[in-house]
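Undergrad: For reference, the structure I am asking about is given below.
The values are calculated or read from the model by the stated rules, or taken from the named source; none is laboratory data. Bear in mind the structure is a predicted one, so any value in this text is a computation, not a measurement. Heads up, the Cβs are rebuilt from the backbone with ideal geometry, glycines too, and the neighbour counts pull from every protein chain shown. Heads up: the accessible areas ignore ligands, DNA and RNA and are worked out on the full protein's heavy atoms, side chains in. Shrake-Rupley method; radii C 1.70, N 1.55, O 1.52, S 1.80 Å.
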2 protein chains.
Amino acid sequence: VRIHPECYPCFLRQTYNTLKLLTQDEEVQEKLLKEIMGKLAQYKGEDPPPKVSLIVYGTIAQRLGVTDPYREKKLECNRMALELYPRLKEMVRRAPDPLFMAVKVAIVGNIIDFGVGRTFKLETGEALEKLDLVVSHYARFRQDLERARRILYIGDNAGEVVFDRVLIEEMGEKEVIFAVRSVPIINDATLEDAKEAGIDQAARVIESGSWVPGTLLGESTPEFKDLFFNADMVISKGQGNFETLDDAPRAIYFLLRAKCDVVAQLLGVEVGSTLLIKGGLTLAR
Amino acid sequence: VRIHPECYPCFLRQTYNTLKLLTQDEEVQEKLLKEIMGKLAQYKGEDPPPKVSLIVYGTIAQRLGVTDPYREKKLECNRMALELYPRLKEMVRRAPDPLFMAVKVAIVGNIIDFGVGRTFKLETGEALEKLDLVVSHYARFRQDLERARRILYIGDNAGEVVFDRVLIEEMGEKEVIFAVRSVPIINDATLEDAKEAGIDQAARVIESGSWVPGTLLGESTPEFKDLFFNADMVISKGQGNFETLDDAPRAIYFLLRAKCDVVAQLLGVEVGSTLLIKGGLTLAR
């Protein structure tokens, strides 16, 4: 997905939301907003939005000397999600199709976001039972999963990782590698966050090499690249990974919630829709 | 009200919303968004937001050669509101305190806005009966109104003017002067829009001299200034007029809905709250 005009107002909102978290000094807020507006005004390129968002998060980190502004929020989300974990497991256990319920759990976990989304409310219980996947390639997912031995699962946000764990634990005896960002960016899970969420009890955790809220294949580690091309199956969580991997040269199962107009329109769905789509090379654009 | 850091993301959203209305060409949208970001990044000053918003609306008008981008929307709002008019009159007639109901009608009309607000839903019927004024200086308003002979009523948006008419018709035998913007800005009512709404059947309509979505006293016409200082009572509609007149040197009745965090926080209310406040010189800051 390449940057769209609508991304600029969104970047500015993200800037303000992050600044609010870090300082109450309105002069500092104004100065940084103007610096970032100036840089965005100069930006020339067609990168995916997660890459361009580094103008926002990089400038803030540099000027305020805070490398992980969402650390507290991430801890809180992990804690909240871990509290829900037994209930999620129970729901999966009782479901007529436990794997399908686990897929829905993983997608619902994607609602945890401090980037695009303003606020979020986790859907569990009845809401989760009724949750509708607007696009669902579940039948193919199930089929491919049965045959797969080694699976690369590209994680997204802290907190959400607990929900991913529920899905991974439902996938049977597989070798699952769970990839996270290499540096803190927004509330995306790093190694530390992922381990706090207990994902290492269900998968081997690696860093993808990414320092953006998504996955830039060209800039990822050799280990990640090798896994990406050679795993039997790749599962990608969240909008940021979709925005950066939608035209990657292999089949990928994207589990996401469409969080903004730009991505929703591209996918032909409403904002807020939840999807399981087989994409990558095979995704109709 | 002086500009606040949070205004910048809002200006960018307003830019995009207005551009979307005028062109589907994403290159043009991107170019103008960047030009406006560049200008906002350079802005140095402490003006009220409605004045700074000229960077947005002025640049768009200049580059796209469209002086009244909201013309269609304004017509539509006037039409919608005129259709509601008989029902509003009936509600006022039946109310235990018709003047108070007319005040609520006028405030509800302030929900019509294409600037700050994204979308709006007019509240009529039951919702209007139940509408709560979070701050209400109605008792004083009623008292001052009884004694007043000449009243300056500063209008806000097209469509909303029909709701103002309902209130003015309930104010009894007064000399009411209804002031509108001198040039089109967002969906604010101009002479043309106000007359389409039929306000000239209830008041004398004048231009304030304003070309911003608010009222800059220093830049208004001599006629307006004279009325402003010498009328027995001044009624100001909407947030834009509040942002520009809140520290004006005379008592003013502000009827508004707090449409953004900045103004809501200043007033100590929630976003969306409806208020009738006696302000101006007398407003505690």
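Undergrad: Looking at region B:128-143, can you tell me whether even one residue there is within 12 Å of B:MET233 (Cβ to Cβ), open to solvent by less than 10 Å² (accessible area, probe 1.4 Å) and at pLDDT 95 or above? So that I can check it myself, show each step before the final result.
TA: So the first thing to find is which residues in region B:128-143 are within 12 Å of B:MET233 (Cβ to Cβ), and the list is B:140-143.
Narrowing further to those that are open to solvent by less than 10 Å² (accessible area, probe 1.4 Å): B:141.
Applying the additional criterion that residues be at pLDDT 95 or above yields B:141.
The answer is yes, given that some residue of region B:128-143 is within 12 Å of B:MET233 (Cβ to Cβ), open to solvent by less than 10 Å² (accessible area, probe 1.4 Å) and at pLDDT 95 or above.
Undergrad: Every residue in region A:243-261 that is closer than 23 Å to A:ILE111 by Cα and not in a loop (DSSP other than H, G, I, E, B), please.
TA: So the first thing to find is which residues in region A:243-261 are closer than 23 Å to A:ILE111 by Cα, and the list is A:243-246, A:252-261.
Correct list: A:GLU243, A:THR244, A:LEU245, A:ILE252, A:TYR253, A:PHE254, A:LEU255, A:LEU256, A:ARG257, A:ASP261.
Undergrad: Determine the pairs where a residue that is aromatic (Phe, Trp, Tyr), located within region A:228-241, has a partner that is in a loop (DSSP other than H, G, I, E, B) with Cβ atoms under 9 Å apart, the partner being 6 or more residues away or on another chain.
TA: Note: pairs meeting the criteria are A:PHE228/A:SER208; A:PHE228/A:THR215; A:PHE228/A:SER220; A:PHE228/A:ALA248; A:PHE228/A:ARG250; A:PHE229/A:PRO249; A:PHE229/A:ARG250.
Undergrad: Could you list, in sequence order, all residues of region A:55-74 that are away from chain B (no Cβ under 14 Å) and open to solvent by less than 50 Å² (accessible area, probe 1.4 Å)?
TA: A:TYR57, A:GLY58, A:ALA61, A:VAL66, A:ASP68, A:PRO69, A:TYR70, A:LYS74
Undergrad: Please go through region A:40-54 and give me each residue that is of a type in the set (Gly, Ala, Ser) and either within 12 Å of chain B (Cβ to nearest Cβ) or surrounded by fewer than 22 Cβ atoms within 10 Å (Cβ to Cβ) (or both), ordered by number. Please lay out each step first, then the result.
TA: Of all residues in region A:40-54, those of a type in the set (Gly, Ala, Ser) come to A:41, A:45, A:53.
If the condition is that a residue be of a type in the set (Gly, Ala, Ser) and either within 12 Å of chain B (Cβ to nearest Cβ) or surrounded by fewer than 22 Cβ atoms within 10 Å (Cβ to Cβ) (or both), then A:ALA41, A:GLY45 are the ones that fit.
Undergrad: Which ranges mark the helices (runs of 4 or more DSSP H) fully within region B:39-122 that have 1 or more residues being within 15 Å of the chain's Cα centre (by Cα) and either modelled with pLDDT under 95 or not aliphatic (A, V, I, L, M) (or both)? Show your work before the answer.
TA: Values: elements: B:49-52, B:54-64, B:71-94, B:98-109.
Per the criteria, B:49-52, B:71-94, B:98-109.
Undergrad: I'd like the full set of residues that are open to solvent by 10 Å² or more (accessible area, probe 1.4 Å) and either more than 15 Å from B:ASP97 (Cβ to Cβ) or at pLDDT below 95 (or both), limited to region B:144-155.
TA: Correct list: B:ASP144, B:ARG147, B:ARG149, B:ARG150.
Undergrad: Are any residues in region A:263-272 open to solvent by less than 70 Å² (accessible area, probe 1.4 Å), part of a helix (DSSP H, G or I) and over 11 Å from A:PHE242 (Cβ atoms), and if so, which ones? Steps first, please.
TA: Step one: of region A:263-272, the residues open to solvent by less than 70 Å² (accessible area, probe 1.4 Å) are A:263-264, A:267-269, A:272.
Those still in the list that are part of a helix (DSSP H, G or I) too: A:263-264, A:267.
Result: A:ALA264, single match.
Undergrad: In addition: So which residues in region A:233-259 are open to solvent by 30 Å² or more (accessible area, probe 1.4 Å) and within 16 Å of A:LYS51 (Cβ to Cβ)?
TA: The initial filter retains those residues of region A:233-259 that are open to solvent by 30 Å² or more (accessible area, probe 1.4 Å), namely A:247, A:249-251, A:259.
Correct list: A:ASP247 only.
Undergrad: Could you tell me whether region B:53-72 includes any residue that is at positive phi and either of a type outside the set (Ser, Thr, Tyr) or without any contact (Cβ under 8 Å) to a residue 40 or more places away in the chain (or both)? Outline the logic, then answer.
TA: The initial filter retains those residues of region B:53-72 that are at positive phi, namely B:65.
When the remaining residues are screened for being either of a type outside the set (Ser, Thr, Tyr) or without any contact (Cβ under 8 Å) to a residue 40 or more places away in the chain (or both), the result is B:65.
Checked region B:53-72: at least one residue is at positive phi and either of a type outside the set (Ser, Thr, Tyr) or without any contact (Cβ under 8 Å) to a residue 40 or more places away in the chain (or both).
Undergrad: Take the residues of region B:1-38 that are closer than 24 Å to B:SER210 by Cβ and more than 9 Å from chain A (Cβ to nearest Cβ): which is nearest to the chain's Cα centre (by Cα)?
TA: Ranking the candidates gives B:VAL1 first.
Undergrad: Kindly provide the set of residues from region A:170-206 that are in contact (Cβ under 8 Å) with a residue 24 or more places away in the chain, acidic (Asp, Glu) and either part of a helix (DSSP H, G or I) or open to solvent by less than 20 Å² (accessible area, probe 1.4 Å) (or both), ordered by number.
TA: Across region A:170-206, the qualifying residues are A:ASP188, A:ASP193, A:GLU196.
Undergrad: Can we say B:GLU219 is farther than 25 Å from B:LYS89 by Cβ and open to solvent by 40 Å² or more (accessible area, probe 1.4 Å)? Quick ask: steps written out before the conclusion?
TA: Details: farther than 25 Å from B:LYS89 by Cβ: yes; open to solvent by 40 Å² or more (accessible area, probe 1.4 Å): yes.
For B:GLU219, the condition - farther than 25 Å from B:LYS89 by Cβ and open to solvent by 40 Å² or more (accessible area, probe 1.4 Å) - is met.
Undergrad: For the list (1) within 12 Å of chain A (Cβ to nearest Cβ); (2) on the phi < 0 side of the Ramachandran plot, I need the number of the one condition that B:VAL105 fails.
TA: Failed condition: (1).
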